[in-house]
Amino acid sequence: MDVDAAIRTRRTHKAYADEPVSREVVEELLELARFAPNHHLTEPWRFRVLGPASLERLVAAGEPREAAKLRRAPTLVVASALQPGDAHQNREDLLATACAVYIVLLAAHARGLASYWRTPAVLETPAGGSAVGVPDDETVVALIHLGQPVTSPPAKERRPTGEYVTYLD
Ligand SMILES: Cc1cc2nc3c(=O)[nH]c(=O)nc-3n(C[C@H](O)[C@H](O)[C@H](O)COP(=O)(O)O)c2cc1C
């Protein structure tokens, strides 16, 4: 799959088969993530692949009504950005980490996997962060869902370029 096709056909998946993504493939995706652009080569992203115990801690930290949604995908990765610097550096590192997350989604899609960038409320709470080992100097960017697809979500309409691109003189 070429890059254009991967960008055009990736979808947010909210349903997955039970089978987890192998550790080998997870490693491939997270190895690709490090090629995200990042200023001063801070490589600010951190990824924590959840196991059964950390998932249960996360579920316990959240509201009961959140539990089912946290269990939707068989493989979950918490992506966070190191935020130790000044406001400008922190912002750049957050943006770089978002690029790294997108690499993971695209690379997963190129391998036929389903994915989903989710930002559950529990991961914005101190209890949620500590359940998955995110320290105070990191900001959670995504709970990346990965797994085998069971549906083919349709493309969501996007605005044409004329509505969001301006060519200046
Ligand atoms: C920063 C960020 C946070 C997101 N958080 C959520 C979320 O918490 N819940 C959700 O349903 N979708 C979330 N999404 C996914 C978007 O809803 C999804 O990308 C959008 O609907 C477009 O669909 P597509 O990815 O299939 O093109 C998030 C996406 C981004 C970039």
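Tabulated data
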read-out	value
Accessible solvent surface per residue of region 3-150, calculated while the other protein chains remain in place, 1.4 angstrom probe, Å²	52
Neighbour cut-off at most 16 other Cβ (10 Å), DSSP loop, chymotrypsin sites (Phe, Trp or Tyr not before Pro), region 1-105	PHE35
Computed helical MRE - 222 nm, the chain, DSSP H runs ≥ 4 contributing -39500 (n - 2.57), nearest 500	-11000 deg cm²/dmol
Contact order normalised by residue count of region 1-151, Cα under 8 Å, 6+ apart, percent	38
Volume in Å³ per residue [convex hull over Cα atoms, computed for the chain]	149
Within-10-Å neighbourhood charge of GLY133 [Cβ basis; K, R +1; D, E -1]	+2
Selection of GluC sites (Glu not before Pro), region 137-169, meeting DSSP coil and at most 16 other Cβ within 10 Å	GLU157
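The values are calculated or read from the model by the stated rules, or taken from the named source; none is laboratory data. What you are looking at is a predicted structure, and each value in this text was computed from that prediction instead of being measured. Neighbour counts run over all protein chains shown; Cβ positions are idealised from the backbone, glycine included. Heads up: the accessible areas ignore ligands, DNA and RNA and are worked out on the full protein's heavy atoms, side chains in. Shrake-Rupley method; radii C 1.70, N 1.55, O 1.52, S 1.80 Å.
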